[in-house]
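Okay, structure first, notes after.
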Amino acid sequence: MFFKVVVGLGNHGALYENTRHNVGFATIDYFAKMLGYTTWKHEKGMSVFSIKIPQTDGNLLFIKSDGFMNLTGIPVAKICSFYKIPSNEMVVICDDISLDVGHIKITERVGTAGHNGVRSILEKIGPGFVRFRIGIGKKQHPEMDLADHVLSKFSTEELETLAKKMPNICDNLKLLLDKGVSSTINNANRRICIQNHTEQL
């Protein structure tokens, strides 16, 4: 097993459902259901909701913060300290405004790209974790405030697009957990190239 913990980034609460910034929550929820897990345990002392998935060489832990995204580093640091998980054994699922809705990009050992949730984790546990970045689309207008954009809800059309792409997103996430970064990047890039070629026909 390449990784021991997967963090889905988002803001907790009904107010933030279907917002762009919560695509990390939506993805880890979908992925957990795909694997047959639907019940999240609220670990109040850790400030997270979690699912433990037994593996042959230990547990794979899924977590979501029970608070605000910008403070995610605090509960993540608690989890990593308690379970003795180094940062290079963690995947963080986050939104990316530079990618079209539902497109993915996998990176490691890079900066925050202006993402406050990623910055919080980086400040608390340091570099090394893998970013599984999911596109939420660019701002509708250049003058639009970035916070307003990421906290806005997806349109009906965008939700349909995301729903269509979610199985492929989660297939790549599973590949990442099973095979590691290099295999997944090659697979994701190949699919994007095929998709782009198809869209041009």
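Each value in this text was obtained by applying a stated rule to the coordinates, not by laboratory testing. None of the values given here were measured: they were computed from a predicted structure. Every residue, glycine among them, receives a Cβ derived from its backbone with ideal geometry; neighbour counts consider all protein chains shown.
General remarks:
- Ordered by the count of other Cβ atoms within 10 Å of each Cβ, fewest first, Thr38, Thr72, Thr184, Thr19 give Thr38, Thr19, Thr184, Thr72.
- Percent of Cα-Cα distances greater than 30 Å, calculated over the chain: 15
- FRET efficiency for the pair Leu146 and Asn88, taken as 1/(1 + (r/R0)^6) with r the Cβ-Cβ distance and R0 = 30 Å, rounds to 0.55.
- Spacing of the two label points (7 Å from each Cα toward its C-beta) at Leu35 and Phe2, in nm: 1.4
- Each label point was placed 7 Å from the Cα along the Cα-to-Cβ direction; for Ile53 and Asn168 their separation is 2.1 nm.
- Positive end of the dipole of the chain (Cβ unit charges, origin at the Cα centre): among His149, Ile79, Asn186, the Cα lying farthest that way belongs to Ile79.
- Phe132, Phe31, Phe154 arranged by Cβ crowding within 10 Å, fewest neighbours leading: Phe154, Phe31, Phe132
- The chain: calculated mean residue ellipticity at 222 nm from DSSP helix runs of at least 4, using -39500 (n - 2.57): -13000 deg cm²/dmol
- Rounded to the nearest 20 debye, the dipole magnitude of the chain is 560 debye, with +1 charges on Lys and Arg beta carbons, -1 on Asp and Glu beta carbons, and the Cα centre as origin.
- Using a Gaussian network model of the chain in which every pair of alpha carbons under 10 angstrom is joined by a spring, one finds that among Gly180, Gly73, Gly135 the greatest mean-square fluctuation is at Gly180.
- log₁₀ of I(q)/I(0) at q = 0.20, 0.22, 0.26 Å⁻¹ - the stretch 1-40, Debye sum with one point per alpha carbon: -0.65, -0.75, -0.94
- Residues Arg133, Arg109, Arg119, Arg20 in ascending order of nearby Cβ atoms (within 10 Å, fewest first): Arg109, Arg119, Arg20, Arg133.
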